[in-house]
Amino acid sequence: MGPVELLHMSVFSQSFSPCGRFLAAGNNYGEIAVFSLSAALSPDASEASQKPILNFTAHDGPVFSLLSTDTHLLSAGNGEISAWSWAELIKKSTKAAWTRKPSYETSLEIPEINAMIINPKDNSLIVGGGDNNIHIMDMETGIFKSVLKGHTDYIHCLCFKEREEEILSGGEDGAVRIWDARTNRPVHCIEVFKYEECARPQFGKWISCLATDSDWMLCGGGPSLSLWHLRSMSPTSVFPLPGCQREAVFYQDLIMSVGEGPHVSHCLHGGTVKAQIPCTPSSLNTLALNLKNSEHRVMTVGGSSHQIDVFTNFSYRAFSLSF
Amino acid sequence: MWFNVCVCVCVCVCVYHFTDEVIRKRLLIDGDGAGDDRRINVLMKSFTKWCHSSFSPEEGFSQYQRMVTSLAQCEFSMGKTLLVYDMNLKEMENYEAIYADIEKSITSAHEKIAECKKEIQRAKRIRKNRQEYDALARVIKQHPDRHETLKQLEALDKELQQLSHIKENVEDKLELRKKQFHVLLTTIQELQQTLENDEKTDSDDTQESPMENGD
């Protein structure tokens, strides 16, 4: 990988292994790199431990989404979904367990897949991408059992509400649609850009990040990052962050979000921005929290750089892993 | 150059003699060991000398005095070392006690840390709940007060009732007038009919009477 390629690399997705000791990251060249967190976090870590233990080309196109189940790593690139067994990846074998493609209506161009989530209740994979539809695949049989249509432009992000079993999807058309996962019917449609307090017409109306925490929902993108109360369908707080946010998560009593700008923003539910922690990439695409393993409880962010910043204490950057 | 060599040889010889002197001197001075050890050695030597040699009574007595003082010094020094030994033992005990104390405070500090961590988690949850509550309260405040809206509704209700009352009254009056007019019109028509009928019977009567006369 030459220096020019490294310069132009963007990390689009990350996922932690089920044991919490490894991190997989996908970039715009279609490569997936697996890093060993236990080596990088150990007291005698060196330069070499910040390099991937395994780096392979998984897809022809950029890997926009990575997801870990209990045994496999699912990666989405070039319109197809591949599954890699984590046990095999740790042993440095790069053979995919399976590769499947949702049934697209147009066969001319292959729409990219932007987001994948798992519905743990009925063990299905929910996929949203460039063809404006949400495809639901049964994980055991591999059959794509249903398609949710409603968006008029491609889907950026997906989210799942466990308690009510609802799927939330945000797209380029500026609408956040809520679907019932059991009946596959649309329940609500919130057009965020129509609310004055959130809308930022200078950036557009697209929604690129969604997160839920029981009754509350975070959404942002073109419009400002805002916290919504889903029962009353009203925006309760709007966060005064200057750029467009690409990913946001709820963590304990904070909201962490990344987007344009070389920092991670820590915000409170009330609408105040508590802190902005600087990082190396000039703009960030993905944020991941490793909550499965209490020893390696870190936050990693990646964006338009070949380096992935690791935060052991969420208030400052500890070190960076690099592709 | 010959002079230099001579000087060097002289220096070497001098050093050799010098070191000899030094060694001799050191052996003489420190041959008995240092401090207490030396005192005991000197005492032993002088005691044996005193026993074996013949002194004049005054010399013997003075030697005896010297030995006794030397013995006293030795005893004094021994007392001192015993006290120091006791002190060391007590210090050791003290340190052990302090060590145990510190161990205890370390464990209690660990426990406190764990508790504080739990507290912080609780406090974070409480803060989150408060923030959510505040956010919702803000939204709710934007909507108008319920009492006011109820009052407005009541006022509107009353107005509505009044207006419907008025409407009823007006409708009743209209009905009444309609009926009255109807009555009036029917009477007029009947009167017209009676008048027409009368006219007809009048004209029939005049036609019939000439017919009767003609018979």
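Brief remarks on what is shown
- Counting the residues of region A:113-134 that are at pLDDT 90 or above, closer than 12 Å to A:Gly79 by Cα and of a type outside the set (A, V, I, L, M, F, W, C) gives 2.
- Yes/no for A:Pro242 being surrounded by fewer than 18 Cβ atoms within 10 Å (Cβ to Cβ), farther than 12 Å from A:Val301 by Cβ and more than 10 Å from chain B (Cβ to nearest Cβ): yes
- Only a single item in (1) buried (at least 23 other Cβ atoms within 10 Å of the Cβ); (2) more than 14 Å from chain B (Cβ to nearest Cβ) is not met by A:Tyr316, and it is number (1).
- The set of residues from region A:262-284 being within 16 Å of the chain's Cα centre (by Cα) and surrounded by fewer than 23 Cβ atoms within 10 Å (Cβ to Cβ) comprises just one member, A:Ser283.
- Within region A:42-99, restricting attention to residues that are of a type in the set (Lys, Arg) and in contact with a strand residue (DSSP E or B) (Cβ under 7 Å, 6 or more places away or on another chain), the residue that is nearest to A:Asp131 (Cα to Cα) is A:Lys92.
- Residues of region A:208-229 satisfying the condition of being more than 15 Å from A:Ser265 (Cα to Cα), within 14 Å of chain B (Cβ to nearest Cβ), over 16 Å from the mean Cα position of the chain (by Cα) and modelled with pLDDT of 90 or more: A:Trp216, A:Trp228, A:His229
- Out of B:Lys118, B:Lys128, sole residue that is within 14 Å of another protein chain (Cβ to nearest Cβ) and either in contact with a strand residue (DSSP E or B) (Cβ under 9 Å, 6 or more places away or on another chain) or touching a residue at least 40 places away in the same chain (Cβ under 8 Å) (or both): B:Lys128
- Qualifying residue in region A:8-23 (condition: in contact with a strand residue (DSSP E or B) (Cβ under 9 Å, 6 or more places away or on another chain), more than 27 Å from A:Phe160 (Cβ to Cβ) and surrounded by 18 or more Cβ atoms within 10 Å (Cβ to Cβ)): yes
- Conditions (1) touching a Leu at 6+ places or on another chain (Cβ under 9 Å); (2) closer than 24 Å to A:Phe22 by Cα; (3) of a type outside the set (A, V, I, L, M, F, W, C); number of the one not met by A:Ser226: (2)
- Count - residues of region A:302-323 that are over 19 Å from A:Tyr29 (Cβ atoms) and within 18 Å of the chain's Cα centre (by Cα): 3
- Subset of region A:11-48 (residues that are under 18 Å from A:Asn313 (Cβ atoms), in contact with a Leu (Cβ under 8 Å, 6 or more places away or on another chain) and in a loop (DSSP other than H, G, I, E, B)): A:Gly20
- Screening B:Leu136 against (1) among the aliphatic types (A, V, I, L, M); (2) surrounded by 11 or more Cβ atoms within 10 Å (Cβ to Cβ); (3) away from every other protein chain (no Cβ under 14 Å) leaves a single unmet condition, (3).
- Residue match in region A:264-271 (condition: away from chain B (no Cβ under 14 Å) and in contact with a strand residue (DSSP E or B) (Cβ under 7 Å, 6 or more places away or on another chain)): yes
The values are calculated or read from the model by the stated rules, or taken from the named source; none is laboratory data. Keep in mind that this is a model prediction, so the values were computed, not measured. Neighbour counts run over all protein chains shown; Cβ positions are idealised from the backbone, glycine included.
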